[in-house]
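Each reported figure results from applying straightforward, stated rules to the coordinates on display, with no laboratory input. Bear in mind that the values here come from a model prediction, so they are computed numbers and not experimental data.
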Amino acid sequence: MTDGRALTRDERDLAALTVLALLTIGPRHPYDIHRLCVQTRKDFVTGTPRSIYHAVTKLHKAYLIEPVGSEQDGGRPERTVFALTDAGRAEGRRRVAKLLATPQDDRTLTTAALSFLGILSQGDAIAAMRARVAALASALSIKDSDLAEAGHLPPILLVETEYERDQLRAEHDWFDTLAGRLESGEIPWGLPPATAEL
């Protein structure tokens, strides 16, 4: 496992990732993005709605999203509607793929990546998961070697390493199975038409 240092601060920014991912559905204003976070239980986005507004500002400055109009509902203030730029669409996909491919101790990042799996192509999603499985297999091998080298120590001193090894094995097997289910077609790719617009 890694401690997340393989990821940049932007790649760990779950509010920004959520904005990029939810705008793949279509243009929205920040309040609507916040509403979708609540409706779809994106509990990994903390500090909403402020964090969503901050992410929108940051992504707009980076030319990853752009204003495409405005909406006004009744007597409420006018709200700017944003859409993804081509660069924003590509960046959202890149971030999800990297989060999927890179094991880390912060499970929230993995939960977010799985939540937005559908913005990737099936091939890219499987490739990212296969990369993660390979990284987990390597980490497992190191843990097994560590345990073998420490075999002369009392078992009570090794329980935390056994725990870490078993966590790695469980994650490895889970992602390996999920990738296999996608490859075999057991899990169809994409959303049914009735749910495509959330």
Original post:
Across the range 87-104, in residue order, what do the Karplus-derived ³J(HN,Hα) couplings come to in whole Hz, using 6.51 cos²θ - 1.76 cosθ + 1.60 with θ = phi - 60° and x for Gly and Pro?
Top reply: 5, x, 4, 5, 5, x, 5, 4, 5, 5, 4, 5, 4, 5, 7, 10, x, 8
Original post:
How far is helix 122-149 tilted, in degrees, relative to the longest principal axis of the Cα atoms in the chain, given as a value from 0 to 90 rounded to the nearest 10?
Top reply: 30
**OP:** Quote to one decimal, in nm, the extra length available between THR177 and LEU157 on full extension: 0.36 nm per residue of separation minus the C-alpha distance between them.
**Re:** 4.0 nm
Subject >> For the range 173-179, Karplus couplings with θ = phi - 60° (6.51, -1.76, 1.60), whole Hz, Gly/Pro x >> reply: 5, 5, 5, 4, 5, 4, 4
**OP:** Note the listed values (1) 34; (2) 74; (3) 29, then indicate which one is percent of Cα pairs over 29 Å apart calculated from this particular structure.
**Re:** (1)
Original post:
So who's got an amide H within less than 5 Å of the one on VAL81, skipping anything under 5 residues away but keeping other chains? H placed 1.01 Å off N, in plane.
Top reply: VAL68, GLY69, SER70, GLU71
**OP:** Report the extension gain between ARG169 and LEU114 in nm, rounded to one decimal, defined as 0.36 nm multiplied by the number of residues separating them, less their alpha carbon distance.
**Re:** 17.9 nm
Original post:
If you bin every alpha carbon distance in the range 1-100 into 10 Å steps from zero, what whole percent lands in each bin?
Top reply: 15, 48, 29, 6, 1, 0
**OP:** Take the alpha carbon atoms of the range 137-186, find their center, do the same for the range 1-67, and report the distance between the two centers in whole angstrom.
**Re:** 32
